[in-house]
1. Assess whether SER25 counts as being assigned to a strand (DSSP E or B) and under 13 Å from THR5 (Cβ atoms).
2. Tally the residues that are touching a strand residue (DSSP E or B) at 6+ places or on another chain (Cβ under 9 Å) and either outside any loop (DSSP other than H, G, I, E, B) or open to solvent by less than 50 Å² (accessible area, probe 1.4 Å) (or both), restricting the search to the range 46-57.
3. Pull out all pairs, ordered by first then second residue, where Cβ-Cβ is under 8 Å, the residues are six or more apart or on different chains, the first lies in the range 2-17 and is at negative phi and surrounded by 11 or more Cβ atoms within 10 Å (Cβ to Cβ), and the second is assigned to a loop (DSSP other than H, G, I, E, B) and not aromatic (Phe, Trp, Tyr).
4. I'm trying to understand the selection: among the residues of the range 18-45, which are in contact (Cβ under 8 Å) with a residue 40 or more places away in the chain and either open to solvent by 80 Å² or more (accessible area, probe 1.4 Å) or among the basic types (Lys, Arg) (or both)?
Amino acid sequence: IRGLTDIRTRIRSEEDGLTIDMRASVDGELSIPQLTEELQQSVKSHVEEMAGLQVAAVSVYIVNVTVQPTSPPFKNRVE
């Protein structure tokens, strides 16, 4: 998913299905709630489709927000 980097995942097996905890860094220019919701839905559906396992919960923790510079930093002019 565009805007997410350095994703680390921990998966636990519980009685009611898998619990997936994810830690990620995000680009601060994008909507964090939208990114995390998209990641949760995407991971849940992919795991259930590909592995055939029930997913009880997907938790996303944002550990860092980065802002990419949009233009090169300006240099002070010395006269």
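1. yes
2. Count: 6.
3. If the second residue must be assigned to a loop (DSSP other than H, G, I, E, B) and not aromatic (Phe, Trp, Tyr), no pairs are left.
4. The answer is ARG23, and nothing else.
Residues are listed down the side, and each one gets a yes or a no for (1) closer than 16 Å to VAL58 by Cβ; (2) out of contact with any Cys (no Cβ under 8 Å at 6 or more places or on another chain); (3) of a type outside the set (D, E, K, R):
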residue	(1), (2), (3)
GLY3	no, yes, yes
ILE7	yes, yes, yes
GLU14	yes, yes, no
GLY17	yes, yes, yes
SER25	no, yes, yes
GLU29	no, yes, no
GLU37	yes, yes, no
SER42	yes, yes, yes
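The values are calculated or read from the model by the stated rules, or taken from the named source; none is laboratory data. The structure presented is a predicted model; accordingly, all values stated were derived computationally and were not measured. Using ideal geometry, Cβ is built from the backbone for each residue, glycine included, and neighbour counts are taken over all protein chains shown. Side chains are part of the model used for accessible areas, which takes the heavy atoms of the whole protein and leaves out ligands, DNA and RNA. Shrake-Rupley method; radii C 1.70, N 1.55, O 1.52, S 1.80 Å.
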